[in-house]
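Written below as structure tokens is the structure these notes are about.
The values are calculated or read from the model by the stated rules, or taken from the named source; none is laboratory data. Because the structure is predicted, anything quoted here is derived from the model rather than measured. We place every Cβ from the backbone using ideal geometry, glycine too, and count neighbours over all the protein chains shown.
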Amino acid sequence: MPELSTALLSVRNLKIEATSYPPGEPPKRITIVDGVSFDLAKGKVLGLIGESGAGKSTIGLAALAYGRGGAEITGGEVKLNGTDILALGKGGIRKVRGARVCYVAQSAAAAFNPAHKLGDQVIEASVKHGLMSRDEARKRALYLFRVLGLPNPETFGNRFPHQVSGGQLQRAMTAMALCPNPELIVFDEPTTALDVTTQIDVLAAIKHAIEETRTAALYITHDLAVVAQISDDIMVLRYGKTVEYGPVQQIIEAPRQDYTQALVNVRQAIRHEAADQSRPLLSVDHVSAQYSNGFKVLHDVSLHLCRGQTLAIVGESGSGKSTLARVITGLLPPSDGHISFDGKPLTPSLKRRSRDELRRIQLIYQMADTAMNPRQTVRDIIGRPLTFYDGLRGAAKTAKVKELLEQIEMGTGFIDRYPAELSGGQKQRVAIARALAARPELILCDEPTSALDPLVAEGILKLLAKLQEDQQLSYVFITHDIAIVRAIADSVAVMHRGRLVRFGPKSQALSPPFDDYTDLLLKSVPEMKLGWLEQVLATRRMESAGN
Amino acid sequence: MRLREIPITAWVGIFGILLAIFCALFAPWVAPFGETEVVGGVWQEADAQFFFGLDNLGRDILSRLIFGARTTLFVAFAATLVSFSLGIVLSFIAAVSGGLIDTVFSRFNDLMMSIPTLIFALVVLAVLPQHILILILVMAVLDSTRVYRLGRAVALDVAVMEFVEAARLRGEGTTWIIFREILPNTLSPLLAEFGLRFAFAILFLSTLSFLGLGIQPPTADWGGMVKDNKDGIIFGIAAALVPGSAIAALCICVNLVVDWLLKRTSSLKGGRGDA
């Protein structure tokens, strides 16, 4: 029989639905994915991109004929090498999953069983499916560890998940997916949880491994710059529907739809650097900090921030950037050095600070979900600082809460909602309003946009910039995203392993000559252009050859 | 809250509890006979006059059941309430403060729990004067060790959440943090425990009565009535089953109401899932 299509995976008119049970209302049928079609040829990579809730993971899992959390595939077909896998029974589908189609989850740390060695978990599926003997599987795992560039591939399999780093774990998971020699791998945001400097290694390893093994892949992410490096085709999704589907070059260089254009052009400069940075509002002077067990997390950090300006603190996880914020707030008093605020020394410990000192410095958290009490309404959340600091009650308080809601560009109709009834971006806005309610002079923003979709994050950044303009607010903005730094900062501090490696006005800090770490950090940020990954890797090779 | 949103099971529970409370309040008017009045033969069969029959001394079981509701309900509710207040407050203070306070409270709690409850209660009740308030307090203090354990565990989970840290950064005091930030988020498991503890309180009270240190005869209480009539079971007399069923029914009613409250608090908009 002649092959009609060369596609390895062919999805036609996929429709996925789920039933939601809103409290106090009758169950509702919702459509998660609607009429999505695509073809994926052998050895090719298709990038699925979209914001959270766009249905991209759901489509990825549909390639394994799996519906997560009550999602049901109700229409269309998913053909793998010509067989409709949706029509296979339970036994049939079991032969497909983990053997012909494999899955790489976002959080490898959560997906590995902490009680078993990595090597055993990597080969488990291949052995269970009877695809190879234990020895053959071990050999293949060793080969894959080498291809993925893992350190000491011979002994890597003997380690437990907690003994290796996050980036290595993600690569081990890729090895696990590649081990049975599958025809298709579904990568579900494999690098989202990693630092940029680690992300680049994992990306390069995944790309190399895919090329080496000639496996087809679905690559799911919300970061267009990442997907541009690894895919052949890109499908942009929104609200479960295809927005645009085409070759990577066309999507990046000539996007046709408005939504795609917005994604490509995200994070253009919002703020120009302030010229005068000489009169500090906050100055941190030779500050060191340690935990009560004696572990030192900050070493001799000195920096300052002027009124009405933004200081961006960049660094990877564990660099001490959040700890610095905790030191400024007084949650972790410094063990050495001192901090002054508005010309006066700041009381080191939170418990001894006066109410006025507390009021002037506010903090916005990364996860707005956990930063607000789920049992309080927006009125209580925003209103409490008003009562607490200014003694507002009753109608005066309600009026002020409404005013703040207007300031954060949300309607007053949200006043009696609970946090669970708000979207991620709205929650972060309410958190900003809570900070504003205290009439602060300095707001510490601890990665307030990193859990949000790019366009929503952009809205939050613009809001912060507008508020800064209106109220002369100063921000300490903690982030790992250089693009944000470029967009909003006046001055930049780069942190690495608890030390400040670079500090100065943005124009100086982000231009050469660089120290080694800043150089690495800047080069690791994915850029929205084709061939960026190859370029960076080539420069790295040249540098190491030159040394 | 609208009345028609209350499920039928909760109505059953509410009805049962109200009935018991009604009996307790109006016992002298509701009961056909007096609490200690001997009205007939020992273990006389039930008939039109004596609805549940007579007990081991010839007293009317229905009347004693109605009078017994007073002591049983009062002591069990009071003891459970006191034990919860005590346990929750202490455990939340420990969870929020941490450090030395947590260690002292928790180790003392361990110390209390390491002594078998019943033996502890017997020793203390034997030494102290026999009074219903002392009985309630002893039951409450002993039971609060269990509440403390649970309270500290659930509060620790919530105390590390960022909204609690945000409250601290605002400068809020411990009282606000405990009652406004943590308590509303820990109500579900605590309510479930309340339903269970209430049942245990009734059983504990009847155990103490059985051993002669609980409610003193001739005052009626349901646990004591089971004890008084237990010998009848050997002769095929069901008198002991009546107060036993009453205990079971009351416990079920309390738990039906608690289940409903539990569902309400956990599915409340903004609830923390179905914890």
Can you run down the residue pairs with Cβ atoms below 6 Å, 6 or more apart or on separate chains, where the first is in region A:418-433 and at the interface with another protein chain (Cβ under 10 Å from one of its Cβ atoms) and the partner is β-branched (V, I, T)?
A:Y418/A:T377; A:A431/A:I364
Could you tell me whether A:R359 is over 22 Å from A:L452 (Cα atoms), more than 9 Å from chain B (Cβ to nearest Cβ) and out of contact with any strand residue (DSSP E or B) (no Cβ under 7 Å at 6 or more places or on another chain)?
no
With respect to A:S292, determine if the residue is surrounded by fewer than 17 Cβ atoms within 10 Å (Cβ to Cβ), of a type in the set (S, T, Y) and away from every other protein chain (no Cβ under 14 Å).
no
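Every residue, every condition in (1) within 18 Å of A:R214 (Cα to Cα); (2) surrounded by fewer than 19 Cβ atoms within 10 Å (Cβ to Cβ); (3) among the hydroxyl-bearing types (S, T, Y), yes or no:
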site	(1), (2), (3)
A:K95	no, yes, no
A:G98	yes, no, no
A:C102	yes, no, no
A:K117	no, yes, no
A:V122	no, no, no
A:A125	no, no, no
A:G130	no, yes, no
A:R146	yes, yes, no
Among the candidates A:V301, A:V287, A:V236, which residue alone is touching a residue at least 60 places away in the same chain (Cβ under 8 Å) and either in the same structural domain as A:D342 (by TED's automatic domain parsing) or of a type in the set (D, E) (or both)?
A:V301
Considering only residues that are more than 23 Å from A:M528 (Cα to Cα), buried (at least 19 other Cβ atoms within 10 Å of the Cβ) and of a type in the set (D, E), which ones fall in region A:446-501?
A:D446, A:D490
Please enumerate the residues belonging to region A:402-414 that are in contact (Cβ under 8 Å) with a residue 24 or more places away in the chain and buried (at least 17 other Cβ atoms within 10 Å of the Cβ).
A:L404, A:L405, A:Q407, A:I408, A:F414
Among A:L311, A:L324, A:L332, which is within 14 Å of chain B (Cβ to nearest Cβ) and under 32 Å from the mean Cα position of the chain (by Cα)?
A:L332
Any idea how many residues of region A:199-227 are in contact with a Lys or Arg (Cβ under 7 Å, 6 or more places away or on another chain) and under 25 Å from A:Q261 (Cα atoms)?
1
So, A:T370, is that one part of a helix (DSSP H, G or I), within 9 Å of chain B (Cβ to nearest Cβ), β-branched (V, I, T) and surrounded by fewer than 19 Cβ atoms within 10 Å (Cβ to Cβ) or not?
yes
Just to check your reading of the model, which residue among B:D55, B:D60 is more than 14 Å from chain A (Cβ to nearest Cβ), farther than 21 Å from B:I202 by Cβ and among the acidic types (D, E)?
B:D60
Odd one out for A:L194 among (1) crowded, with 19+ Cβ neighbours inside 10 Å; (2) outside any loop (DSSP other than H, G, I, E, B):
(2)
Restricting attention to region A:335-349, and to residues there that are surrounded by fewer than 18 Cβ atoms within 10 Å (Cβ to Cβ) and within 14 Å of chain B (Cβ to nearest Cβ), which single residue is nearest to A:R279 (Cα to Cα)?
A:T347
Return a yes/no flag: does region B:10-31 have any residue that is modelled with pLDDT under 85, outside any helix (DSSP H, G or I) and not small (G, A, S).
no
All helices (runs of 4 or more DSSP H) inside region B:152-256 with 3 or more residues being away from chain A (no Cβ under 14 Å), crowded, with 21+ Cβ neighbours inside 10 Å and under 17 Å from the mean Cα position of the chain (by Cα):
B:183-210, B:222-229
When the residues of region A:508-547 are filtered to those that are of a type in the set (K, R) and closer than 27 Å to A:N265 by Cα, which remaining residue is surrounded by the fewest Cβ atoms within 10 Å (Cβ to Cβ)?
A:K529
One residue from A:R326, A:R352 being charged (D, E, K, R), assigned by TED's automatic domain parsing to the domain that holds A:Y389 and buried (at least 16 other Cβ atoms within 10 Å of the Cβ):
A:R326
Exactly one of B:A155, B:A76, B:A69, B:A126 is over 20 Å from B:S209 (Cα atoms) and of a type outside the set (V, I, T), and that residue is B:A155
Looking only at region A:515-546, and only at residues there that are part of a loop (DSSP other than H, G, I, E, B) and of a type outside the set (D, E, K, R), the one that is modelled with the lowest pLDDT:
A:M528
Looking at A:S302, is it exposed (fewer than 15 other Cβ atoms within 10 Å of the Cβ), more than 9 Å from every other protein chain (Cβ to nearest Cβ) and not aliphatic (A, V, I, L, M)?
yes
Answer from B:L213, B:L183, B:L203 - the residue that is touching a residue at least 12 places away in the same chain (Cβ under 8 Å) and closer than 26 Å to B:F163 by Cα:
B:L183
